[in-house]
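Worksheet for the structure shown next.
Derivation of every value follows stated rules applied to the coordinates shown; laboratory data play no part. Bear in mind that the values here come from a model prediction, so they are computed numbers and not experimental data. All Cβ positions, glycine included, derive from the backbone under ideal geometry; neighbour counts span all protein chains shown.
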Amino acid sequence: MTTNNAEELLSAYSPEDVLGYAKPVKTSLIIKGKLSRGIVEEISRAKKEPGWMLRLRLRALELFEKLPTPNWVIGLEELDLEELAYYVRPDVKEPAVTYEDLPPEIRDYYDKLGIPEMEAKLLSGITFQFESETVYHKAKETLEKKGVIMLPMEEAVIKYPDLVKQYFSKIYPIADHKFAALHYALWSGGAFVYIPKGVKVTEPIEAFFLIGQSLEGQFEHSLIIADENSYLHFIEGCSAPMLKRYSFHDGAVELYAHGGSAIKFTTIQNWSKNVVNFNNKRGIAEENARIDWIEGGLGSRITYTYPSSILKGANSSSSSIVIQMSKGPYVKDSGSKMYHLAPNTRSKIINKSISVDGGVNIYRGLVKINKGAVKARSHVECQSLILDDHSYAYTYPHNQVEEPSAIITHEATTGRIGEEQLFYLRQRSLTEQEATSLIAIGFIEDVMKDMPFEYVNILRKVIEIEFSKVGGLG
Amino acid sequence: MLEIENLAVEVEGKTILENINLRVNKGELHAIMGPNGSGKSTLAYAIAGKGGYVIRNGKILLDGEDLTRLEPEERALKGIFLGFQEPPPLPGVKLSTLIVAALNKRRGVKDLTKLSSMRDYKAILEGLEKVGLSKSYALREANVGFSGGEKKRAEILQAMLLDPKIVILDEPDSGLDVEGVAKIAEIIGELRGEGKGLLVITHYARIFKHIKPDKVSILVNGKIVAKGGGELAYKVDDEGYKSFS
Amino acid sequence: MSSVKSVGLDKPLTNLKVSKLRLLADIIPVQKYGDSPTIKHYTNWSKLLRIREAERALKSTKGALEGILRFSLVLKPEDIIIDSASTTYMSPLKNTRDFKWKIPVENKLQAIHAYKWYRGASLRLSGESDASIYLSPGEGYVGYHLEINIDPNSRANITLILDNSSQSSLHSSSTLINVGSNSQVSITTLERSRGATYHYKYVKLGNNSRVESRILASGGEATRFREDYLLEGPKASTSIRGSSVSKADERLDLIINTIHRAPGTISELKTRGIVSGCSTVAHRGVAKVYKNAEWSSVDVESFLYITSDKARAYSVPVLEVDTGIVESAKHSTAVMNIPSEIEFYLMQRGLSRNDIIKLISIGLLEIAAANLELGELGKIYL
């Protein structure tokens, strides 16, 4: 990343500012129309995928048609599936392996997001998805040497059918809700990662998803399998330029952490303000395994994301740290879910949100401790900051205990920035706006410490600028 | 009379106390002094029978009866009272209800919280006044929102009312002002006068400025390193524990 | 100065016709949405409705004062007793006014209640007054409706006893309490149930009024126990202590909502519950701060002790805040067994594990019934 680019990125406060207006990018195939068997078959054909996957898609389509719209979904009035392109293939024959091979329009987005710099400095592998397909994919040699498989999802379906079959849709069930079923019917793109036994991947792998056009659906599916005693940090980034109308993202992430392994999954969501974002995430942890979810949600019109862990093996553990920011008439509906199925499982949920300028933040969480999950422990913390008199924060936690030796503790606070804090900082010569952004950053500081440094900087900067424009409290 | 013979205590597989020999006679104030982490509270918990405090060796005898294998409530009913360093808050249980229940247990009254006689209630109110708490504390939830000092006063109140044979007090003066310490010391003196055996566990000799112990044992690193009369407490106060380790 | 005016009504209600309500009761779902991602309903609706089916035929009711006597509370001359056979007032009555409020119809049982209830009373309290109301059913389906209006600048103590002691009966009640400005009201609600109980209470607080409410609920075969506190006047405040004691195979869904609709309103809600045997208990509630309720303060604290392998304990404290201008809004909950420190402490005082569960249960009862002369009431719950 050149210094200029870095500065541009850091001083921007929304993806629109970084990426500008959507530019036309050449495409080679667009599938749209009334959602039907035919459409699904056409996508499957375009991908030349095996019959079992087509059957899975068709089953999902049936379920989509049968299942009711989930009652917690709000703000989807505008969404009209028939308007959407379900599949958009950019005019790139094979995923590029060198940056120069990318079409210049796509490369321009890529540059503006500062990904080449990030790739060089930080990552051991990267996959870049534009619209429905992977356009750039690169795994560093070290990964190959260690026996790590990292492929675009559809390539894995063809090359490792048995491995994929064993896990695909087994962690996040197709029938979980209507939009999960839709995802499975239409999925395209995403990353597949398999980490062999005992392998620790020290530099993160990143997947970046970009939606380039309005009225488009993106349905990527990522599947990560960590074999026994392995470790991986996976980063997912999402963005879109300014779109004329809305677009729809309905992706899924499945994690399987085998005995003693650890997966850290970081999401930096910065969709532009007219993307409707469904993010279906779930992981299973076997004995002594660990899953850590970290999510920073900045953009999108409305986001539904509920990182979930199923603690299936004894002594497994999980944490979920989610920061959501809603500035303007946008909604973040998020919440973590922890299912304790085995003894001595531990979980921790931290959810922090900032609402301003009419923004709505919703926490919808669940901790369920099943009978037999002896001495399971869970702690949930929700903190919401509302910066004016017309923004909202809702907290809906469910704490369900069916095992007497287990403990769930839960704390939540919703509040504003104290007059005294503001006055103190102003007395120290900060303007009210500076003081507000300083306090807002401080509010989420402790949860940012687990994120990669580069991301923390971006996040910090975004907040600084977002909140420098906040008016004082009445 | 409380006798501790050759006691060794393990917590989570780690030996905390070893080769402890102690004797607390009727009408005697025995001080256990030692620095932080020396095992003082462990000794109190082991005598009272807290779970997880494994007696690896030795015996605890009360008037010749071996308590070592008894449940905490059985030991309590035999006459062991422990005044906690940090008594836990009991949301929903009033202080008076707690005391009434404990008294009824001792008398074999079946109905746990039924006030057997108004005399008990009167005794609680008088006791509160004596330990320096207002009467309203009878109706407050036990240890909920109590300050450090208030907790100590409520503990000594129970020591007075439950009529145990042996009163063990773990840091009975922490969180109290000078007046409070004097009051606790005065009550300790009265309990001793009634013929109860007292085992007072403390880091500092602050409380012994008001009442002189009959015996002092110094506990360092899980072992009793010195025994002596009351004056030993003042020596510790002047010189600290360095000379004992 | 004391003045209690009341009127007994033996039927009508709501602006909906009975026929329409009956139809509604058939088509309306037990509740519109599932309660949680893993549990469809916290309320044991199937039991509530199964009893209702069985009750369609059952008309006869009996046992007026019997239930009350079982409670052995100290009755006062002005107490109001409403049983399934008659509305008995021990004080003289005057026909003063009609019921004014409508019953909300938001679920099947509410609809059934709206057309089937047939005993009720409307009271107006002013000055300094006490009102004790005993709802004592016999067998079968029994529905009650109560309306209590408290004049401005009054002080009132209200005691409400819901006694559904028959295992095969369905007991539904709605109580609407309207608290005038600057009034101070203390409400004690004791619910004891063996059968199925549907309880709804709605308390509306005017300017600068204060309500202290104490609640004790037990499970029965199925209990849905909901209370709404609407802080409608500026500076209205409420402090609510909700307790539940459940054992055997009781099912309880305790819902206490506090709704802030005016500036400077304060609510404090503390719920405690002990869940033993094979019982299933949910403690739920929505604390809602509307946009115009600036500088309000909400504090919710909930403790559930789950003491046995077969028990289930659910805690769902919801916080909805529509403005950043809040004094404070917080909740904390814990679901766990009786902590080992407490257990050891109490054992050290000479109590066994059973004694400890009992002691904590009694403690909860005492908090709920602090304003009452209890007599032997405690035994009923334990």
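Table for the structure above
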read-out	value
FRET efficiency, residue C:167 to residue C:309 (Cβ-Cβ, R0 30 Å, nearest 0.05)	0.75
For residue C:326, residues with placed amide H under 5 Å, excluding near neighbours	A:416, C:295
Cross-link pairs beyond the 24 Å C-alpha cut-off, checked among B:152/B:212; A:281/A:368; B:59/B:212; B:50/B:196; A:48/A:197; A:93/A:138	B:59/B:212; A:48/A:197
Two-site FRET efficiency, residue C:50 against residue C:340, from Cβ-Cβ distance with R₀ of 51 Å, rounded to 0.05	0.80
Karplus (6.51, -1.76, 1.60) ³J(HN,Hα), θ = phi - 60°, over segment A:379-391, in Hz, Gly and Pro reported as x	10, 10, 10, 10, 10, 10, 10, 10, 9, 8, 8, 9, 10
Neighbour-count ranking [beta-carbon atoms within 10 angstrom, fewest first] of C:278, A:238	C:278, A:238
Kirkwood hydrodynamic radius of segment C:258-382, Cα pairs, Å	16.5
Spin-label model distance (nm) - residue A:42 vs residue A:122, 7 Å beyond Cα toward Cβ	3.8
Cα gyration tensor shape for the protein assembly as shown, rounded if a/c is under 1.5, else prolate or oblate	oblate
Quotient of Cα Rg and 2.2 N^0.38 Å for segment A:344-432, N being how many residues it contains	1.46
Distance (nanometres) between label positions extended 7 Å along Cα→Cβ at residue C:207 and residue B:56	7.4
Residues of segment B:50-94 with amide N under 13 Å of the 7 Å Cα→Cβ point at residue B:21	B:59
Gyration tensor over alpha-carbon atoms, segment B:140-245, equivalent ellipsoid semi-axes in Å	25, 16, 13
Estimated translational D of segment B:91-142 in µm²/s (Stokes, Kirkwood radius over Cα pairs; 25 °C; 0.890 mPa s)	221
Extreme residue, positive dipole direction of the protein assembly as shown, given options B:8, C:229, A:298 (C-beta unit charges)	C:229
Unsatisfied cross-links (Cα-Cα over 31 Å) in the set A:200/C:330; A:112/A:244; B:105/B:151; A:312/A:332	A:200/C:330
Kirkwood Rh in Å, taken over segment A:118-228 so that all alpha-carbon pairs contribute	14.8
Cut-off under 5 Å, modelled amide H: who pairs with residue C:213 long-range	C:187, C:239, C:240, C:241
Förster radius 45 Å - calculated FRET efficiency between residue A:30 and residue C:354, Cβ distance, rounded to 0.05	0.05
J(HN,Hα) series, segment A:130-140, from Karplus relation 6.51 cos²θ - 1.76 cosθ + 1.60, nearest Hz, glycine and proline x	10, 6, 9, 10, 6, 9, 8, 8, 8, 10, 5
Chain B - share of DSSP beta bridges that are antiparallel (%, nearest 5)	55
Shielding by other protein chains, B:77-87, mean Cβ within 10 Å	2
Rounded to whole Å, sorted largest first: equivalent-ellipsoid semi-axes of segment A:3-305, Cα gyration tensor	26, 25, 19
Segment A:159-205: projected area of the alpha-carbon convex hull, averaged over directions, in nm²	4.6
Which of A:72, A:52, A:271, C:45 has the fewest Cβ neighbours within 10 Å, and the rest in rising order	A:52, A:72, C:45, A:271
Rough spin-label spacing in nm, given labels placed 7 Å along Cα→Cβ, for residue A:62 and residue A:99	4.8
Summed residue charge, Cβ within 12 Å of residue A:107's Cβ, Lys/Arg positive, Asp/Glu negative	-3
Cβ-based exposure ranking for A:348, C:291, in which fewest neighbours within 10 Å come first	C:291, A:348
Loop GluC sites (Glu not before Pro), segment B:1-71, which have at most 15 other Cβ atoms in a 10 Å radius of their Cβ (DSSP)	B:12
